[in-house]
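Engineer: My structure is below; once you've seen it, I'll send some questions.
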């Protein structure tokens, strides 16, 4: 910056714009504010420089806006003014984008929080919200930020681009994410209305697979999807999507996933789907699947099928359900586990299909049904044959 374009001048212009009633500063309003605060001493070159700096900072996601528009970018992360990272599906990559200082990162985080209807300051040093009109994701951007000194290295800003998961099973098979034998099993699982959980780590492709599977559901069925952040957009003609809402700045107006699962039961669903089970709503989902709603689904974070029972125990405990009750409900409500995995090269694929089996001790275990044949495959085949026979009998008007 030139000697005339000082940090003090920029701060005065920011304060003037903040006090303005204009919803979104334009180039004209920024230029007027600069002229007023500089008392007309800036030349055309300096004026354009200040307008460029402030417009970049005050509109959209500021210096991060161009990254959010890049195809394939899933996450934009800021850990320091000179450390901005992106994830394009092959791991984190450091970018050339930089902020002027820590104060610039903090200002952007506070402005984005305000745009999402949340508060971010010393009294409330973290925020979790959702932005619309930022980036090119159809569903917007999920915002998370933590201020210093809670984040010891400075303001930590995380933006997740929420692009709709609209690919079908054919597309996933074409790119090698689902093997032909697994696809055949998935088709039968869908047709026979077995309830399933999609599991995997962060960014493994759980939502993508769930959306693809739902797209293959009979078009005569009504699917009610409940999500914390809207990502599911299955290629299906009859989908009702319910999205949770965080409390506003005054702390009111919250609508939880658990609230919405209960509402979904009253909406004449053929299948109830919870986009991501991360809390006590697991109790309501399992209860729903045990009240005649076959073929339901959900996703949970778990790195392997063997971890699923322990993960669900922890979530159910948040709602006051003990271990024995959880295993009893799980065994009755869910039949199949689909494990997706993200490789080191960034590729995502269906790694394993498991079936839920309740042992003599009353606790649930996951038996592998694919890719290796064994007791799990035999168990899955028995369930599929039973469901297929019952379904065909119902369709033909014959006794089961």
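Engineer: Within the range 290-325, can you find the residues that are in a helix (DSSP H, G or I) and closer than 22 Å to residue 368 by Cβ? Spell out the reasoning first.
Structural biologist: Here is the first cut: in the range 290-325, the residues in a helix (DSSP H, G or I) are 305-318, 323-325.
Residues satisfying the conditions are 305, 306, 307, 308, 309, 310, 311, 312, 313.
Engineer: May I ask you to list the residues in the range 252-309 that are surrounded by fewer than 17 Cβ atoms within 10 Å (Cβ to Cβ), on the phi > 0 side of the Ramachandran plot and at pLDDT 90 or above?
Structural biologist: Scanning the range 252-309 gives a single hit, 268.
Engineer: Are there any strands (runs of 3 or more DSSP E) wholly within the range 187-280 with 3 or more residues that are farther than 30 Å from residue 113 by Cα, under 21 Å from the mean Cα position of the chain (by Cα) and in contact (Cβ under 8 Å) with a residue 12 or more places away in the chain, and if so which?
Structural biologist: Counting at least 3 such residues, we get 196-200.
Engineer: Kindly evaluate residue 205 against the criterion of being surrounded by 17 or more Cβ atoms within 10 Å (Cβ to Cβ) and closer than 23 Å to residue 305 by Cβ. Before you say what the answer is, go through the steps one by one.
Structural biologist: Working: surrounded by 17 or more Cβ atoms within 10 Å (Cβ to Cβ): yes; closer than 23 Å to residue 305 by Cβ: yes.
Yes, satisfied.
Engineer: Taking residue 278 as the residue in question, decide whether it is within 23 Å of residue 316 (Cβ to Cβ) and out of contact with any strand residue (DSSP E or B) (no Cβ under 9 Å at 6 or more places or on another chain).
Structural biologist: No.
Let's see how each residue does on (1) buried (at least 20 other Cβ atoms within 10 Å of the Cβ); (2) at pLDDT 90 or above; (3) closer than 22 Å to residue 273 by Cβ:
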{"residue": "335", "(1), (2), (3)": "yes, yes, yes"}
{"residue": "340", "(1), (2), (3)": "yes, yes, yes"}
{"residue": "352", "(1), (2), (3)": "yes, yes, yes"}
{"residue": "355", "(1), (2), (3)": "yes, yes, yes"}
{"residue": "363", "(1), (2), (3)": "no, yes, no"}
{"residue": "377", "(1), (2), (3)": "no, yes, no"}
{"residue": "385", "(1), (2), (3)": "no, yes, no"}
{"residue": "395", "(1), (2), (3)": "no, no, no"}
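Engineer: Can we say residue 191 is surrounded by fewer than 17 Cβ atoms within 10 Å (Cβ to Cβ) and touching a strand residue (DSSP E or B) at 6+ places or on another chain (Cβ under 7 Å)?
Structural biologist: Against the criterion (surrounded by fewer than 17 Cβ atoms within 10 Å (Cβ to Cβ) and touching a strand residue (DSSP E or B) at 6+ places or on another chain (Cβ under 7 Å)), residue 191 does not qualify.
Engineer: Do we find that residue 345 is surrounded by fewer than 18 Cβ atoms within 10 Å (Cβ to Cβ), modelled with pLDDT under 90 and assigned to a loop (DSSP other than H, G, I, E, B) in this structure?
Structural biologist: yes
The values are calculated or read from the model by the stated rules, or taken from the named source; none is laboratory data. This one's a predicted model, so the numbers in the text were calculated from it and none came from an experiment. Cβ: placed from backbone, ideal geometry, glycine included. Neighbour counts: every protein chain shown.
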